[in-house]
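Notes to accompany the following structure.
Every number in this text was worked out from the coordinates using simple rules, so none of it is lab data. If you're wondering where the values come from, they're calculated on a predicted model, not measured in any experiment. Here Cβ is always computed from backbone atoms with ideal geometry, including for glycine, and neighbour counts include all displayed protein chains.
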Amino acid sequence: MIAFDLYQSDEQTMPALIREERSRVEKWLRKVAAGYGFQMGDLHYLFCTDEEELSVNRQFLGHDYYTDVITFDYSTPATLSGDIFISLDTVRSNAEEAGTDFDSELRRILVHGLLHLTGQGDKTPETKAQMTEKENRALERY
């Protein structure tokens, strides 16, 4: 099951991409997971503000900085499961910075979180480049 929810936020609304293209997004994410040899388990996307994301980052990871996505992995060897927190504020600012539209950046972050669940990291320049390449390949399939 893929779920999309707002996380403790009266300030955010569900992104139009999810409201209008939910089944397409779910089908796409399932295909991406299958391409890495995984079936979909319970995957929860939680949309929040920058401040809510910072709170999660501090509370659960001990990090004191803003980020666009935080992924908690509950996967088994064959099934992807997890909670993926996405700051819609940061998605918006990333889109502006990259000169792209909000929906395109949101798709990138949706798949970015899923790729973390497949085992892809992004902490070194090499793994970050691999992540970007995998994101781009997945985005071509949308």
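Couple of notes before you dig in:
- For Ala33: the one exception among (1) within 12 Å of Ser87 (Cβ to Cβ); (2) buried (at least 19 other Cβ atoms within 10 Å of the Cβ): (1)
- Here Tyr74 passes the criteria (1) in contact (Cβ under 8 Å) with a residue 12 or more places away in the chain; (2) out of contact with any Asp or Glu (no Cβ under 9 Å at 6 or more places or on another chain); (3) surrounded by fewer than 17 Cβ atoms within 10 Å (Cβ to Cβ) except the one numbered (2).
- Per-region count, region 6-23, residues over 14 Å from Asp89 (Cα atoms), free of Cβ contacts under 8 Å to residues at least 40 places away in the same chain and not hydroxyl-bearing (Ser, Thr, Tyr): 5
- Counting the residues of region 114-131 that are over 16 Å from Glu26 (Cα atoms) and surrounded by 12 or more Cβ atoms within 10 Å (Cβ to Cβ) gives 9.
- Selection within region 88-113 - under 19 Å from Thr49 (Cβ atoms), surrounded by fewer than 20 Cβ atoms within 10 Å (Cβ to Cβ) and small (Gly, Ala, Ser): Ser93, Ala95
- Flag for Gly121 being touching a Ser or Thr at 6+ places or on another chain (Cβ under 7 Å), free of Cβ contacts under 8 Å to residues at least 40 places away in the same chain and over 25 Å from Ser9 (Cβ atoms): yes
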